[in-house]
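Here is the structure we will look at.
Computed from the coordinates by the stated procedures, all read-outs in this text should not be read as laboratory data. Note that the structure is predicted; figures quoted are calculated from it, not measured. When we count neighbours, we look across all protein chains shown, and the Cβ atoms used for this are built from the backbone with ideal geometry, even at glycine.
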Amino acid sequence: MTIVSEQRVEPLVSPGLRATLAEEIKRQEQDDNRRGPEAEPFAAAVRPADAVLRQRLDSWFREFAPMVRRVVARSVRREDVDLVDDLAQDVWVQAWQYLLRGNEVARPAGLLAVMARSRVCGHYRSARVRREQATDFQVTELAVDRLVSWIGAAA
């Protein structure tokens with residue numbers, strides 16, 4: 001930090017302190033160089049057992065992804081067909097978390113089907129979904145009808 005006065009710049013750090021800081025920075029750089037490059041932060045977080053679980057989930061995905069998508073598609077309302085992929089993805093995240101907790105699965109197809117139906121039910125259970133309704137504002141008549149119904153309900 002410096003103070004500017006009459007075209008002259010006066011440093012607020014004394015020369016002795018500046019030399020001490022420079023020495024400390026140089027010492028830390030030498031320590032860093034001696035240690036070498038730092039390991040990637042995610043490498044230490046990966047457990048060997050996670051690789052096995054990742055392979056298991058990958059094989060499930062290859063085998064059961066179409067089934068999970070079908071279960072979700074059959075469970076959602078017709079006007080919510082665009083949510084099928086999002087909800088199916090949530091099922092796979094939930095399955096991954098289930099495996100990470102150490103649960104053993106004898107019948108993955110049954111587990112995934114239950115998770116898919118449960119996720120769709122949870123989606124409709126949330127209050128936010130009950131209030132939101134998609135409107136295609138490109139179709140003017142539908143948009144006007146929807147707005148009139150909203151205004152009438154609010155009044």
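Taking 0.36 nm per intervening residue step and subtracting the Cα-Cα distance, what contour gain separates R117 from R34 on full extension?
Here the answer is 24.3 nm.
Could you state, as a whole-number percent, how many of the C-alpha pairs of segment 70-130 are farther apart than 12 Å?
Counting every Cα pair in segment 70-130, those more than 12 Å apart make up 67 percent.
By how many nm would the segment from Y124 to R27 grow when fully extended, if each residue of separation counts as 0.36 nm and the alpha-carbon distance is taken off?
Answer, rounded to one decimal: 28.9 nm.
How much FRET efficiency would the formula 1/(1 + (r/R0)^6) give for V76 and A51, where r is the Cβ-Cβ distance and R0 is 30 Å, rounded to 0.05?
The formula returns an efficiency of 0.30 here.
Which order do the peptides 54-61, 110-117, 142-149 come out in when sorted by mean C-beta neighbours inside 10 angstrom, highest first?
In decreasing order of mean packing, 54-61, 110-117, 142-149 become 110-117, 54-61, 142-149.
Run the numbers for N103 and T140: contour at 0.36 nm per residue of separation, minus the present Cα-Cα distance, in nm.
So the chain would gain 8.2 nm between N103 and T140.
What are the equivalent ellipsoid semi-axes of segment 46-104, built from the alpha-carbon gyration tensor (square roots of five times its eigenvalues), in whole angstrom, biggest first?
26, 11, 8
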